[in-house]
Amino acid sequence: MMAAEVFAVTLLLLLASSCRISYKLNGAALDYTVYKTVRIDNFPIRAALVYPPLQQTFENELLDYVQRNTRLQTTDGNSDLVMEGEITGYSLSPQAVNEDAYASKTRLTITVRVRYTDSKKDGNDIDQTFSAYRDFDSSQMLTEVQDQLCEEISDELVIQIFNATLGNW
């Protein structure tokens, strides 16, 4: 009986030492021995309706998020990973029509096309469009809420883009 107990304890120790539990709180799934650099290019506005501050707001949020959630060095030259694209949509649409046939809510939608290139591993490249929106009360002027809405939508878009590219979800 003593030998069986020793065997069982030894087996448990061997199994426990061979298992490795790994998790990342930010969702980044990068091998930092392979990937060292990322280049985030400009995202010019190619939408029919243009709000000039949106480009800078979106680019800053994307760059900040990548720097906060990865150990990649950002570069302007050759890099292991590249994110580029354009803001392809900035549109307003009526929502929630009330009894007098007027919209009580208006939806601001922003669409971004992203081309993600992985120079180290074939098959990881992405060319995808991401979209997010926020509704606001139609009694408000767009100019009153535009900056805040653009920040909120940019935050959501950046998380979607990060998860699809660097987060490898």
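The values are calculated or read from the model by the stated rules, or taken from the named source; none is laboratory data. Worth saying up front: this structure is predicted, and the values here are computed from it rather than measured. Cβ: placed from backbone, ideal geometry, glycine included. Neighbour counts: every protein chain shown. Please note that ligands, DNA and RNA were not included when accessible areas were found on the heavy atoms of the full protein model with its side chains. Shrake-Rupley method; radii C 1.70, N 1.55, O 1.52, S 1.80 Å.
Annotations
- A single member of LEU54, LEU81 is over 24 Å from GLU152 (Cβ atoms), under 18 Å from the mean Cα position of the chain (by Cα) and in contact (Cβ under 8 Å) with a residue 24 or more places away in the chain, and it is LEU81.
- All positions within segment 96-124 that are surrounded by 14 or more Cβ atoms within 10 Å (Cβ to Cβ), in contact with a Lys or Arg (Cβ under 8 Å, 6 or more places away or on another chain) and either over 19 Å from PRO52 (Cβ atoms) or among the hydroxyl-bearing types (Ser, Thr, Tyr) (or both): ARG107
- Of everything in segment 137-148 that is open to solvent by less than 60 Å² (accessible area, probe 1.4 Å) and in a helix (DSSP H, G or I), the residue that is farthest from THR70 (Cα to Cα) is LEU142.
- Checking segment 56-65 against the condition returns a match, with at least one residue being closer than 18 Å to ASP147 by Cα and touching an Asp or Glu at 6+ places or on another chain (Cβ under 7 Å).
Here is a yes/no grid of residues against (1) assigned to a strand (DSSP E or B); (2) in contact with a helix residue (DSSP H, G or I) (Cβ under 8 Å, 6 or more places away or on another chain):
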position	(1), (2)
GLN67	no, no
GLY77	no, no
GLU84	yes, no
PRO94	yes, no
THR111	yes, no
VAL114	yes, yes
ASP135	yes, no
CYS150	no, yes
ILE153	no, no
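- Residues of segment 155-169 that turn out to be in a loop (DSSP other than H, G, I, E, B) and either surrounded by 17 or more Cβ atoms within 10 Å (Cβ to Cβ) or at pLDDT 95 or above (or both), as a count: 3
- Within segment 36-95, considering residues that are small (Gly, Ala, Ser) and within 30 Å of THR106 (Cα to Cα), the one most open to solvent (accessible area, probe 1.4 Å): ALA48
- Taking the numbered list (1) open to solvent by 60 Å² or more (accessible area, probe 1.4 Å); (2) at pLDDT below 95 in turn, ALA29 passes all entries but (1).
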